[in-house]
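Each remark here refers to the structure printed beneath this line.
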Amino acid sequence: MAAAIVNEHLPTPLTATSEQPPLFDGTTRLYIAYTCPFAQRVWIFRNYKGLHDKIKLFPIDLQNRPAWYKEKVYHENKVPSLEHNGKVIGESLDLIKYVDSNFEGPSLPYPNAPAKKEFAEELITYSDTFNKIVFASFKGDTVKEAAFDHLENALHKFNDGPFFLGHELSLVEIIYIPFVEKFQAFLSGVWNYDITAGRPKLTKWIEEVNKIDAYKPTKRDPKLTVEYYSAVFLAKH
């Protein structure tokens, strides 16, 4: 069962002119970007566990990022990263495992049935392929129907609830939600492509994930998503 809802003030993103927060002062900091789906995964999970007071959000403006972030905080210069117990670590799936192991709060249900367990692993592995296929279509290549069809077919697999593994939210949802949200906004806003057309299971899945309290505050205004990804993928160099 997810933690209680918390209304949280979202900080203004840190930019090239922002001062660096103190490093290793006892505050646990989750560096994110409101535009980054990888960071959003960890943000959703942090909310799910009710760690608003334990893990503080520090958003970065990726298009105007502060030099100190790479130099002093996280040399990879990516988000998400987590500053905790005298170290800074990254990678969204590693961070979800780390937060689950090192902080109190509910864990996501994991399937016991071997078939569901195997299917969950398959979907988690496929997520990178899914993201690459869809990102490749952002510049106007044919939208890869197969990627969204794969999700539609996956949602038909067990047919015992609106989510990939049944009635309960799982890690699979948290891995896919941020990307599907942004892909839906961009492909609709720029290329007039509806990812839900002819995909009733995916339509229902999106409706259900939109009700998840841990996800709601992380959701981006679709217009801002279109603006950001248009600047990144469609700008003339």
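Taking the alpha-carbon distance from Lys72 and a cut-off under 18 Å, which lysines remain once sequence neighbours fewer than 8 residues away in the same chain are dropped? Within the straight-line limit of under 18 Å, Lys72 reaches these lysines: Lys87.
Dividing the summed -39500 (n - 2.57) terms of all DSSP H runs of n ≥ 4 by the residue count of the chain sets its mean residue ellipticity at 222 nm at -14000 deg cm²/dmol. Evaluated with a Cβ-only charge set (Lys, Arg +1; Asp, Glu -1), the range 54-183 carries a dipole of roughly 500 debye about its Cα centre, given to the nearest 20. Scanning the chain for DSSP H helices at least 18 Å long along the axis (C-alpha atoms) with a Kyte-Doolittle mean no lower than 0.5 picks out 171-191. Listed by chain and number, the aspartates and glutamates whose alpha-carbon sits under 19 Å from that of Lys56, ignoring those within fewer than 8 places in the same chain, are Glu8, Glu19, Asp25, Glu83, Glu91, Asp94, Asp100, Glu104, Asp213. A cut-off of 5 Å between modelled amide H atoms, ignoring neighbours fewer than 5 places along the same chain, links Leu57 with Leu30. Inter-part distance, the range 189-232 to the range 22-52, computed on C-alpha centroids, equals 21 Å. Specify whether the C-alpha gyration tensor of the chain places it in the rounded, prolate or oblate class, a ≥ b ≥ c being the square roots of the eigenvalues: rounded for a/c under 1.5, otherwise prolate if a/b is larger than b/c and oblate if not. Because a/c hits 1.5 or more and a/b fails to exceed b/c, the chain counts as oblate. When a/c reaches 1.5 or more, the comparison of a/b and b/c decides; with that in mind, is the range 46-178 rounded, prolate or oblate per its Cα gyration tensor? Note, shape of the range 46-178 comes out oblate. Rolling a 1.4 angstrom probe over the protein heavy atoms with all chains in place gives the chain an accessible area of 50 Å² per residue. Assign one of three labels to the range 117-200, namely rounded, prolate or oblate, based on the Cα gyration tensor with a ≥ b ≥ c the square roots of its eigenvalues; rounded applies when a/c is under 1.5, prolate when it is not and a/b is larger than b/c, and oblate otherwise. It comes out prolate by the Cα gyration axes. Taking the protein heavy atoms of the range 114-237 in the context of the full set of protein chains, the accessible area attributed to carbon and sulfur is 54 percent at 1.4 Å. One way to sum up the overall shape of the range 1-102 is the equivalent ellipsoid from its Cα gyration tensor, whose semi-axes run 21, 15, 13 Å, largest first.
Other residues with beta-carbon under 13 Å from the beta-carbon of Leu95 carry, at +1 per Lys or Arg and -1 per Asp or Glu, a net charge of +2.
The values are calculated or read from the model by the stated rules, or taken from the named source; none is laboratory data. Please read all numbers here as calculations on a predicted model, not as lab measurements. Counting neighbours? That spans all protein chains shown, and the Cβs are built from the backbone with ideal geometry, glycine included. What goes into the accessible areas is simple: the full protein's heavy atoms, side chains included, and nothing from ligands, DNA or RNA. Shrake-Rupley method; radii C 1.70, N 1.55, O 1.52, S 1.80 Å.
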